Every structure is written in structure tokens, then in C-alpha cells.
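The values are calculated or read from the model by the stated rules, or taken from the named source; none is laboratory data. In this text the structure is predicted, and so the values were computed from the model without any measurement. Cβ placement follows ideal geometry from the backbone for every residue including glycine, while neighbour counts extend to all protein chains displayed.
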Amino acid sequence: MTGALDPAIAARLKRTADGLVCAVAQQRGTNEVLMVAWMDDEALHRTLTTRRATYYSRSRQQLWVKGETSGHTQYVHEVRLDCDGDTLLLVVDQVGGACHTGDRTCFDADLLLASE
């Protein structure tokens, strides 16, 4: 599937030098932050049209659909653009672990500061 991102949406995005926008995935209902990834215009277009979270892998330099190989999918309920246009928020239903390590979130491993 290839397609073009809606020009009105594309015009609002502030991309990095390599054409990417930060994307934060959050669990619907609990607001738990699951992971942070990157999207290019094609990944965002695919996410908006299929409701399957699609990201851009900077290390592999290609698109990937979350859960396509692991089965740990993200069904996208909402996509929001922040006030600066440089970060997307995906409100998802996560099946399985969101982190590539298998953890529920990418933020389970290293607690740097806890509430008192």
C-alpha cells in the first residue's frame, strides 16, 4: 500500500532533518506510555488509513507495522498532533508487550527517579 499523506496534515508537521516525526504510543483507557518511535509521511498515512500502528525504523531504514512479526500489535484509536507539530500521540490498544524486549512498555527497565 502506498499513498500520500493528506497535504493539510503534512503541512502541519515539523520533521527532523531526515524527515521524521516522533510518535508516542499510549495505552487507551490507562494512559500508560508504551513506547516512542518515529514516523515518516508514509508511516503516518498508513497508520491513519489502516488503524495499524506503522513506524519508520531508523536502523533498518524501512517501514514496519507494529506486531507484524511478533504478534504484539497496536490497534490505533486516535492520532493527535501536539501544539508544535513535532510529536504525534497514538492512543492504542496494545496486544502483548510494546517493547522489543518483550516488556509491557519500553519504560519498565530503568527507574531513574521515583516519587517520595
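Within region 59-74, can you find the residues that are at pLDDT below 95 and of a type in the set (D, E, K, R)?
Of everything in region 59-74, those that are at pLDDT below 95 and of a type in the set (D, E, K, R) turn out to be 60, 68.
Could you pull out the residue among 87, 50, 54 that is of a type outside the set (D, E, K, R), within 26 Å of residue 12 (Cβ to Cβ), at pLDDT 95 or above and touching a Ser or Thr at 6+ places or on another chain (Cβ under 7 Å)? Spell out the reasoning first.
On the way: 87 fails: touching a Ser or Thr at 6+ places or on another chain (Cβ under 7 Å); 50 fails: touching a Ser or Thr at 6+ places or on another chain (Cβ under 7 Å).
From the options 87, 50, 54, the qualifying one is 54.
Select from region 1-33 the residues that are under 27 Å from residue 105 (Cβ atoms) and among the hydroxyl-bearing types (Ser, Thr, Tyr) and list them in ascending order.
Result: 16, 30.
State which residue pairs qualify: first residue touching a residue at least 12 places away in the same chain (Cβ under 8 Å) and inside region 91-116, second residue surrounded by 10 or more Cβ atoms within 10 Å (Cβ to Cβ) and aromatic (Phe, Trp, Tyr) in any location, beta carbons under 7 Å apart, and separation of 6 or more residues or different chains.
92/75; 93/75
Step by step: first the residues of region 36-87, then only those that are buried (at least 17 other Cβ atoms within 10 Å of the Cβ), β-branched (Val, Ile, Thr) and in a strand (DSSP E or B), then the one that is nearest to the chain's Cα centre (by Cα). Which residue is that?
Only one residue tops the list, namely 54.
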